[in-house]
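Coordinate-derived values only; no laboratory data. Quick caveat: nothing in here was measured; it's all calculated off a predicted structure. Virtual Cβ from ideal backbone geometry, glycine too; neighbours counted across all protein chains shown.
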Amino acid sequence: MDTPFVYNDYVTGRYFIGRTMECTIMGNLLKAGEHVSVYEPPKTGKMSVIRQTLYNLRNGGVQFMVSFVDMMNVRTLEEFLIKYGTAVMKSAASTPEEYSEIVRKYLGGTHFVFDVVRYTTCGEVVSLNWNPDEADVDSMLMLPQRIAQDRQLPFIVVFKEFQNLMNAAEYEMVFKVMELQMRARDRSNLCNAAYVMSGSMVNAMKYIFEEKRWFYRQVNHVALQPVDTKEIIEHVVKGFLNGMGKSFDRNLAMGACELFKSNLWYMNHLAAICDSLSKGFVTESMMTDALNSMISVHEPRFTSIVNDLTDHQLSLLKAVLDGVVKFSASDVIEKYKLNSSANVRRVKDALKKKEVLTFNEKDEPVILDPLFEYWISNIYFA
């Protein structure tokens, strides 16, 4: 069913709203062969922006190859290299003979092989016949660059959940090899490989790019700004009116935007449920029922989050909800039973590691999930 309220997939084309500036910036960087990083909380539109950017480039006549490396379940170096090689090679070739030739031509002298049995049974285009070493990593990471130069066509590699590479014990070696290759390439040649490093674990990505400063001055960060509230309201109201012939009050849409802090994924989910509950127009009680339905879906996840928190971590989270920004003040420590300023630092680090909170450039706390913020404030602590 064609619906404007898509929440189960990325969005491009006519239902993509907002973020024009981000798409333009990313598109210009990729056209110039530059590397890009994007890190925002889950379901905030990262992949939609990336896909829309690629869509815009194609419509603008830009030719390129692209591969998507999904690193959601990467735990080891071997898993990363095989996923990476398989994604890159499937974008450049389509038959077993072509895969075998790519391995022979570009990965000769390494521990990578084309295994017909592995390809037939599990679709693995490239396999390892021994534990990988640094030379293997270097050759594999150079693969899209070499293909791009041979074919005189830019190659864009999109990493999904890039931060998961840190699950591999050898991740620092991989980062060093990446950095060396980034510095060594000829920037005047536009037929290069460009990385888009996308991740939804915000603090882990900040650790890579901001704290440890890996890829410093080699990767350009594109921050996603909140979609304008007016655009979201128009999207919801017109979606109901044009798509279903129904009425959705603008004030109700405004209230939902405030609750979800303009998170389009949650807004689309809410609108889709309201559509299923309504016949001619959406009432406030229908929207409340839709919100309760969403909470019932997400409550097990939220409960799991709070069950994993210590008393001190919950206390600091309560302080955040109360509007506190300076947690080391003596009155705050006493009121929320945080023990000491040293303990406050430990608790903040723990909440960052668990991806519950992040801190902006002013060191002010931000709860990463707006629906979780609503739930813990209005249901858990209530």
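Rg and Dmax of segment 308-380, both derived from C-alpha coordinates alone, stand at 11.4, 31 Å. When its C-alpha radius of gyration is set against 2.2 N^0.38 Å (N residues), segment 79-155 gives a value of 1.00. Taking amide H atoms as placed 1.01 Å from N in the peptide plane, the amide H of ILE156 lies under 5 Å from those of MET65, VAL66, SER67, ALA194, each 5 or more residues away in sequence or on another chain.
Spin-label model, MET254 to ASP289: label points 7 Å out along the Cα-to-beta-carbon direction sit 2.6 nm apart. Helix 284-307 against the longest principal axis of the chain: what's the angle in degrees, Cα atoms only, rounded to the nearest 10? Once rounded, one gets 60 degrees.
The alpha-carbon of LYS206 sits under 17 angstrom from the alpha-carbons of these lysines, leaving out residues fewer than 8 places away in its chain: LYS46, LYS160, LYS348, LYS352, LYS353, LYS354, LYS362.
Direction-averaged projected area, Cα convex hull, segment 245-382: 9.3 nm², rounded to one decimal. Under the rule a/c < 1.5 gives rounded, and otherwise a/b versus b/c splits prolate from oblate, where does segment 230-301 land using the Cα gyration tensor? Note, shape of segment 230-301 comes out oblate.
Listed by chain and number, the aspartates and glutamates whose C-alpha is less than 13 Å from the C-alpha of LYS90, apart from same-chain residues fewer than 8 away, are GLU98, GLU101, GLU124. Panel order for ILE273, ILE295, by other beta carbons found within 10 Å of each beta carbon, from fewest to most: ILE295, ILE273. With a Förster radius of 22 Å applied to the C-beta separation of ALA342 and LYS318, the computed FRET efficiency comes to 0.65.
Excluding residues fewer than 8 places away in the same chain, name every one of the lysines whose C-alpha is closer than 24 Å to that of LYS279. Within the straight-line limit of under 24 Å, LYS279 reaches these lysines: LYS238, LYS246. Could you tell me how many degrees, from 0 to 90 and to the nearest 10, lie between the Cα long axis of helix 264-277 and the main elongation axis, the longest principal axis, of the Cα atoms of the chain? The helix 264-277 is inclined about 60 degrees to the chain. Computed about the Cα centre, the dipole magnitude for the chain is approximately 580 debye when only Lys and Arg (+1) and Asp and Glu (-1) carry charge, each at its Cβ. Fully extending the segment from GLU98 to ASN242, taken as 0.36 nm per residue of separation minus the present Cα-Cα distance, adds 47.0 nm.
How would you classify segment 44-177 from its alpha-carbon gyration tensor, with a ≥ b ≥ c the square roots of the eigenvalues: rounded for a/c under 1.5, else prolate if a/b is greater than b/c, otherwise oblate? Judged from the Cα gyration tensor, segment 44-177 comes out oblate (a/c at least 1.5, b/c at or above a/b). Put a dot 7 Å past each Cα toward the Cβ at THR303 and ASP349; how far apart are the dots in nm? About 3.3 nm, to one decimal.
Counting every other Cβ atom within 10 Å of each residue's Cβ, HIS221, HIS111 order from fewest to most as HIS221, HIS111.
Rounded to the nearest 10 degrees, the inclination of helix 20-31 to the longest alpha-carbon principal axis of the chain is 10 degrees. Once both labels are positioned 7 Å from their Cα atoms along Cα-to-Cβ, the gap between ARG213 and LYS176 label points is 1.9 nm.
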